[in-house]
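So the structure is just underneath, and the comments pick up after that.
The values are calculated or read from the model by the stated rules, or taken from the named source; none is laboratory data. Quick caveat, the model's predicted, so the values are computed rather than measured. When we count neighbours, we look across all protein chains shown, and the Cβ atoms used for this are built from the backbone with ideal geometry, even at glycine.
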Amino acid sequence: MNNRAWTASRVVVSVAALITAGWSLYAVSRHYGAPILIAGASVAVFDGIAYGCQYLATVASTAGRSGFGARLAALFMVGVSVALNIKHAQLIAGGPTAALLFAVPSIGLLAIAELDWAGGRADARTARGEQPYRLPAYGGWAWLLAPRTAAQSVRTAALAHIQHTHTNDQPLLSGQSGPSPDTALTKTGTDAVREYFAMVNPIDAIHVAHNSQPALSSAELASLLVSYGVPVDQVQVDIVLGRRGPAGNVERSGALPAPGPQPELVAAQSGPSGLAPDPLRVALAQLQDRFAAMDPGEVIRIIDKLQPALSSQRLADLLADYGLNVTRPAVDLALRRPQAELLAVLSGQSGSGPAAATATTAVEALIEYGVRDVDLAIPAVCAHLGPAVREDTVRRLFDRKVKPIREAETAQTTEAAEADSIGKGGGYN
């Protein structure tokens, strides 16, 4: 479509909108008893206001201004026009179809006017040398698979654009004009690179800079990227490129010399029972003095990380050799391992009933067996049913079914305590 066709189409839409809105206004005015001259004058005033709003918004967009006031007034006039169209359709019993038919020209005029104003405003800003921020082209899959990372990258690029797009421009004083079009078209290589980096992910910018200058150190690459508006530091460059930071020895004034060999530690490494490998004995010997201040579950988890192949009973025996007395059920609970007796209940081997086939029946069987701790129930149910059941499902089922039982047990305990208190003469006088 050429400019003539576009101008002609807009004239047609404008005339249709003015005539349709004026017709609806005239019909409504006559319905309420307005004289013909008054109704005609109201149509002329309404169309004149609507045309004036359109004209003022067009002038503002051509000058590169938002024209918010004129556009808001135009939107208000379109709203009034649509309301008149609806009332007109009701008067002639046309229904929603007639209302939509009458309102389409006004709504269509506002739509194409907004598009035209946006284009004119963008052309005016480009002529002044302004570079509006544009979203990086990550693609739909990137936004779908990594929305948070994409949003953070867009925010970083926007901040860099705000901070560095107008580095060479000074704030305009009153009465001054912006740069001329000839000046706006003059762009240095630094400006072009800065605009490019503002559109890409900082990680991609690090790789681009490294590929162009592979001999630069991480600190030099970070400094180079900062000069182009990419907010990164040396540590981030090291992480992205997989480099190791500089190593060194830290000298502290007044530090005591390193201790010599400790016979007790060396002797402890052999282990009383010889069940554990050497690294585990060393860790146990180092932790032995701290057992009293540590949670037994924490100690169990530390040893399990060092030697995950140990069974619960063997791990309990090993800790007992070093002075920490824990039971096999305590090890199972700390490591969230299913206890053998609970697995027997779920499999029907304990004689308490048939094997549990669903998460609901498994939870009910454990509660009937006397289990009240969800941390004991979850590993047992998951081990019995396999990956088909999720931990959060077991937790919700267990909490829902054990809640009334706990409340009943608490009520019974309270009643027993009150009865015992009354029996001992602690009742009310």
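So is Val12 free of Cβ contacts under 8 Å to residues at least 12 places away in the same chain, closer than 17 Å to Asp116 by Cβ and either in the same structural domain as Pro105 (by TED's automatic domain parsing) or under 40 Å from the mean Cα position of the chain (by Cα) (or both) or not? Answer is yes for this residue.
Return yes or no: is Gly129 among the small types (Gly, Ala, Ser), touching an Asp or Glu at 6+ places or on another chain (Cβ under 9 Å) and modelled with pLDDT under 75?
Details: among the small types (Gly, Ala, Ser): yes; touching an Asp or Glu at 6+ places or on another chain (Cβ under 9 Å): yes; modelled with pLDDT under 75: yes.
Spelling it out, Gly129 is indeed among the small types (Gly, Ala, Ser), touching an Asp or Glu at 6+ places or on another chain (Cβ under 9 Å) and modelled with pLDDT under 75.
Being outside the structural domain of Ala157 (by TED's automatic domain parsing) and surrounded by fewer than 13 Cβ atoms within 10 Å (Cβ to Cβ) is the requirement here; does Leu135 meet it? Break it down stepwise before answering.
Values: outside the structural domain of Ala157 (by TED's automatic domain parsing): yes; surrounded by fewer than 13 Cβ atoms within 10 Å (Cβ to Cβ): yes.
So Leu135 fits the description; yes.
Restricting segment 18-77 to residues that are among the charged types (D, E, K, R) and within 30 Å of Ala124 (Cβ to Cβ) leaves a set whose member that is surrounded by the fewest Cβ atoms within 10 Å (Cβ to Cβ) is Arg65.
Have a look at Ile367, Ile378 and point out the one that is at pLDDT 75 or above, in contact with an Asp or Glu (Cβ under 6 Å, 6 or more places away or on another chain) and assigned by TED's automatic domain parsing to the domain that holds Lys401.
Details: Ile367 fails: in contact with an Asp or Glu (Cβ under 6 Å, 6 or more places away or on another chain).
The unique qualifying residue is Ile378.
Regarding Pro202, is this residue at pLDDT 80 or above, of a type outside the set (A, V, I, L, M, F, W, C) and either surrounded by 10 or more Cβ atoms within 10 Å (Cβ to Cβ) or farther than 24 Å from Ala150 by Cα (or both)? Yes. For a quick check of your reading of the model, give me the residue pairs whose first member lies in segment 86-101 and is within 20 Å of Ala16 (Cβ to Cβ), whose second is of a type in the set (Val, Ile, Thr), with beta-carbon atoms closer than 7 Å and at least 6 apart or on different chains. Partner pairs satisfying both residue conditions: Lys87/Val28; His88/Val28; Ala98/Ile92; Ala99/Ile86.
Of everything in segment 337-359 that is surrounded by 15 or more Cβ atoms within 10 Å (Cβ to Cβ) and in a loop (DSSP other than H, G, I, E, B), the residue that is modelled with the lowest pLDDT is Pro338. Can you find, within segment 201-223, the residue that is nearest to Ala158 (Cα to Cα) among those that are under 33 Å from the mean Cα position of the chain (by Cα) and among the polar types (S, T, N, Q)? Among those residues, the one meeting the criterion is Asn201. Hey, does segment 208-216 have a residue that's at pLDDT 85 or above, over 23 Å from Ala150 (Cβ atoms), among the hydrophobic types (A, V, I, L, M, F, W, C) and surrounded by 14 or more Cβ atoms within 10 Å (Cβ to Cβ)? Yes, that holds for at least one residue.
Please state which one of Ile19, Ile36, Ile49 is in contact with a helix residue (DSSP H, G or I) (Cβ under 7 Å, 6 or more places away or on another chain), in the same structural domain as Gly79 (by TED's automatic domain parsing) and hydrophobic (A, V, I, L, M, F, W, C). Give the derivation first.
On the way: Ile19 fails: in contact with a helix residue (DSSP H, G or I) (Cβ under 7 Å, 6 or more places away or on another chain); Ile36 fails: in contact with a helix residue (DSSP H, G or I) (Cβ under 7 Å, 6 or more places away or on another chain).
Of the residues listed, the single one that is in contact with a helix residue (DSSP H, G or I) (Cβ under 7 Å, 6 or more places away or on another chain), in the same structural domain as Gly79 (by TED's automatic domain parsing) and hydrophobic (A, V, I, L, M, F, W, C) is Ile49.
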